[in-house]
Amino acid sequence: EVPLVESGGGMVQPGGSLRLSCAASGFTFSLFMMAWVRQAPGKGPEWVSTISTGGTTTYYADSVKGRFTISRDNAKNTLYLQMNSLKPEDTALYYCARATLRQGVPPRGFWGQGTQVTVSS
């Protein structure tokens, strides 16, 4: 078993939407900032978004700002990423992670196993 388990990925057409979920266990979820990271085929990891412990403050990469929304439910130990107006460039493996900074990719050991998002017509 792993402490972070992503779900909700799939294949959608450009302009479509997906909602990713991340179930956390094995640590006190509410005490940690959380982040989403993605990695497209043949490319390095890209930081997507970070959320504060209470969900009050959020940070987004310019590439997803205005289209993606990060949120969390501490009572359910769950992190979410609502993705709207999806583009082919959003195609990647999406990982949730414990955040180490407000912006930037956390160390690989803090990521989950990933869920695939494919945006294609």
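The values are calculated or read from the model by the stated rules, or taken from the named source; none is laboratory data. The structure displayed is predicted, hence computed values, not measured ones. For neighbour counting, all protein chains shown are included, and Cβ atoms are generated from backbone atoms with ideal geometry for every residue, glycine included. What goes into the accessible areas is simple: the full protein's heavy atoms, side chains included, and nothing from ligands, DNA or RNA. Shrake-Rupley method; radii C 1.70, N 1.55, O 1.52, S 1.80 Å.
Given the criteria of a type in the set (A, V, I, L, M, F, W, C) and touching a helix residue (DSSP H, G or I) at 6+ places or on another chain (Cβ under 7 Å), does residue 119 qualify?
Values: of a type in the set (A, V, I, L, M, F, W, C): yes; touching a helix residue (DSSP H, G or I) at 6+ places or on another chain (Cβ under 7 Å): yes.
Criteria met by residue 119.
Restricting to segment 57-80, what's the tally of residues that are hydrophobic (A, V, I, L, M, F, W, C) and closer than 17 Å to residue 45 by Cα? Write out each step before concluding.
Pass one, segment 57-80, residues hydrophobic (A, V, I, L, M, F, W, C): 61, 64, 68, 70, 75, 79.
In the following step, the residues that additionally are closer than 17 Å to residue 45 by Cα were identified as 61, 64.
Total meeting the criteria: 2.
Could you say whether any residue in segment 37-49 is within 23 Å of residue 10 (Cβ to Cβ), among the basic types (Lys, Arg), open to solvent by less than 50 Å² (accessible area, probe 1.4 Å) and free of Cβ contacts under 8 Å to residues at least 24 places away in the same chain?
No, the conditions are met nowhere in segment 37-49.
Search segment 70-87 for residues being of a type in the set (Lys, Arg) and open to solvent by 50 Å² or more (accessible area, probe 1.4 Å), and hand back the single one that is farthest from residue 21 (Cα to Cα).
The qualifying residue farthest from residue 21 (Cα to Cα) is 87.
Please state which one of 67, 72, 38 is under 15 Å from the mean Cα position of the chain (by Cα) and over 18 Å from residue 100 (Cα atoms).
Details: 72 fails: over 18 Å from residue 100 (Cα atoms); 38 fails: over 18 Å from residue 100 (Cα atoms).
On inspection, the qualifying residue turns out to be 67.
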